[in-house]
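See below for the structure under consideration.
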Amino acid sequence: MVSKNQVHFLVLFFLLCTVSMKAEQKKLSELVSSTATKAFQDFMKSDIDTLVIDKKKTPWIFGPITLKSVHHKVILFEFGVEIVAKKNAFPRKTDALWKFLDCKNITIKGNHSILRMNKDEYTDGEWRHVIRLRGCENISISNLTLRDSGGDGIAIGRSKKVWFSKNIHLDNLQCINNRRQGISITSAEDVWVNNSCFADTIGTAPGAGVDIEPNVPEERIVNVNFNNCIFKNNYNVGINVGLPKLLSSSEKVSIKFENCTLENNFSEKNTKIPSEIRIRSHKTDPVKGTVVFKGCTIKNSKWRMLYARKNAEGFKVSFEDFRAEAVCSSPDSGAVIYLEVPHYSEDSNLGGYHFSNVTIDYTTDKPIFMVRGSKRNPLNRLENLSGEIVVTNPNPAVKPEIQYIGYVPLMDENVSLKIEKKN
């Protein structure tokens, strides 16, 4: 029997009557499938706290849903449920399959189910996400595949009322074949993303596995964590930490990637600078804080490990217990680690990196570490670069040193990086 605080998805159509759940599933499945969007919205407006989305022979069909200020709800999927976006039902670029605005205390347990959109329809814009969280707090989402969107598998950011989402837990998500990003985070505090995969992103820029990129200085990226995640086969980089909009007056950033794997990111058709990881700061007034890569691995990549344009005055970046295997296999890859002058017109300093127990294994003749300045001489100095990198490469053309373009390292400050090369 259906309890007072738990309603079966099909029973919503019968005004949440207390009836045999099994009998009502069988009887009403085809009838309710055409009104799934309304039934879902009715549940979220009700005082019932738990919804079970049952598995049926055909997928549930949903139109765009926006939920405002909904609190204390649990959504449980039966094993293997599939929800599909209704065709031609997402005309607005800002539509999403499930959009949560200023919601709190929401738990979604997917039980290996799928939320799928119709990517081929969405030829304009970069949104139409599968799940969008704006100004939300205490949200837990687990065991779901989010795929084929016009934007991101999941997007996390602020609302008009609240400047950031907070306390977001994502576990075992598969964000596959989305148009813009596997996941985007523009403004958030206390985020944990665990045991998830972000793959096959392609369609519109940026096209990354994850893009952490605030839009204005008032947004924040505080205590954002990715653990045991995979970023692979994305059109652009696997990990993009894009912080040029945050300033020294912004909240300090704290980002950590631990035990994550990057593989075969960045398409040969992409005209941007190729890399597995990209990091950027504001050119002259960067935000403070830390970005940490610990226990991560890059493997089977045609391109470089890192491309960065980061002012030394801002946040610090560390690579700890980090391994890059079989990188730079393309003749067009460039140096394994490539640091570029933050600003081509105004004076700036480049640096703020520490490498601890970092190993790189590759066979091509690409440089290990390159610092690029400019003929205009806006790069004052390279500073605060430390640690040790061990490289295995049999090619005699590869030298265990920092190489420079358009910059003479006479003004280097606190540069103690050691590079050891093994054949």
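The values are calculated or read from the model by the stated rules, or taken from the named source; none is laboratory data. The model shown is predicted, which means the values in this text are computed figures rather than measured ones. No Cβ is skipped: glycine too gets one built from the backbone with ideal geometry, and neighbour counts run over all protein chains shown. Keep in mind that these areas ignore ligands, DNA and RNA; they rest on the heavy atoms of the full protein, side chains included. Shrake-Rupley method; radii C 1.70, N 1.55, O 1.52, S 1.80 Å.
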### Message
Taking all protein chains in place and a 1.4 Å probe, what share, in percent, of the accessible surface of segment 366-423 do carbon and sulfur account for?
### Response
47
#### Entry: Cross-link reach list, aspartates and glutamates versus K166, counting only Cα pairs under 13 Å and skipping chain neighbours closer than eight places
D102, E137, E189, D190, E219
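On the protein heavy atoms, probe 1.4 angstrom, tell me the percent of accessible surface of segment 74-135 carried by carbon and sulfur. Let's see the in-between values first.
Numbers: 1230 of 2630 Å².
That share works out to 47 percent.
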### Query
What angle do you read, to the nearest 10 degrees and between 0 and 90, between the alpha-carbon axis of helix 36-45 and the longest principal axis of the chain?
90
### Derived scalar couplings ³J(HN,Hα) [segment 112-129; Karplus, 6.51 cos²θ - 1.76 cosθ + 1.60; whole Hz; x for Gly, Pro]
6, 9, 10, 10, 10, 10, 10, 3, 4, 6, 8, 9, 10, x, 9, 10, 6, 6
### Query
How far is helix 21-33 tilted, in degrees, relative to the longest principal axis of the Cα atoms in the chain, given as a value from 0 to 90 rounded to the nearest 10?
70
### Query
What value, in deg cm²/dmol to 500, does the helix sum -39500 (n - 2.57) over DSSP H runs of n ≥ 4 give at 222 nm once divided by the residues of the chain?
-1500 deg cm²/dmol
### Task
Give the carbon-plus-sulfur fraction of the accessible surface of segment 151-246 in %, rounded to a whole number; probe 1.4 Å, heavy atoms of protein chains only.
48
## Note on the structure
Karplus ³J(HN,Hα) for segment 184-200 (6.51 cos²θ - 1.76 cosθ + 1.60, θ = phi - 60°; Hz, whole; x = Gly/Pro) runs 10, 10, 10, 7, 7, 9, 6, 10, 10, 10, 10, 6, 10, 10, 10, 9, 6
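Which of the trypsin sites (Lys or Arg not before Pro) found in segment 200-276 are loop residues per DSSP with 13 or fewer other Cβ atoms within 10 Å of their Cβ? Could you put the intermediate results ahead of the total?
On the way: sites: R220, K232, K245, K252, K256, K269, K272; in loops: R220, K245, K252, K269, K272.
Here the trypsin sites (Lys or Arg not before Pro) that fit, given the DSSP loop and packing criteria, are K269.
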#### Entry: In order through segment 164-180: 3J(HN,Hα) via Karplus (6.51 cos²θ - 1.76 cosθ + 1.60), integer Hz, x for Gly, Pro
7, 7, 9, 6, 10, 10, 10, 9, 6, 9, 10, 9, 10, 6, 8, 7, 10
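For segment 125-237, report the accessible area per residue in Å² (1.4 Å probe, heavy atoms, rounded to an integer).
Numbers: 3350 Å² over 113 residues.
About 30 Å² of surface per residue is accessible.
Where a ≥ b ≥ c are the square roots of the eigenvalues of the C-alpha gyration tensor, would you call segment 305-350 rounded, which needs a/c under 1.5, or, failing that, prolate if a/b is larger than b/c, or oblate?
Values: a/c = 5.68, a/b = 1.50, b/c = 3.78.
It is oblate, given that a/c is not under 1.5 and a/b is not larger than b/c.
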### Summary
With label points set 7 Å from each Cα along the Cα-to-Cβ direction at T261 and T35, the distance between them in nm comes to 4.7
### Summary
If one builds a Gaussian network model of the chain from Cα atoms under 10 Å apart, the most fluctuating residue listed among E258, E340, E268 is E268
### Query
What share of the DSSP beta bridges in segment 245-380 is antiparallel, in percent to the nearest 5?
5
## Note on the structure
For K160, counting only lysines whose alpha-carbon sits under 25 Å away and dropping same-chain residues fewer than eight positions off, the answer is K45, K68, K73, K93, K99, K104, K245, K252
### Summary
Count of lysine pairs, segment 294-377, Cα-Cα under 25 Å, sep. 8 or more residues or interchain, comes to 12
### Task
Give, in nm to one decimal, the length gained when the segment between S69 and T392 is fully stretched (0.36 nm per residue of separation minus the Cα-Cα distance).
110.8 nm
## Note on the structure
Here FRET efficiency (C-beta to C-beta, E346 to T271, R₀ 45 Å, nearest 0.05) is 0.95
### Query
Between I360 and residues 5 or more places away or on another chain, which pairs have amide H atoms under 5 Å apart, with H built 1.01 Å from N, and which residues are they?
A324, V390, V391, T392
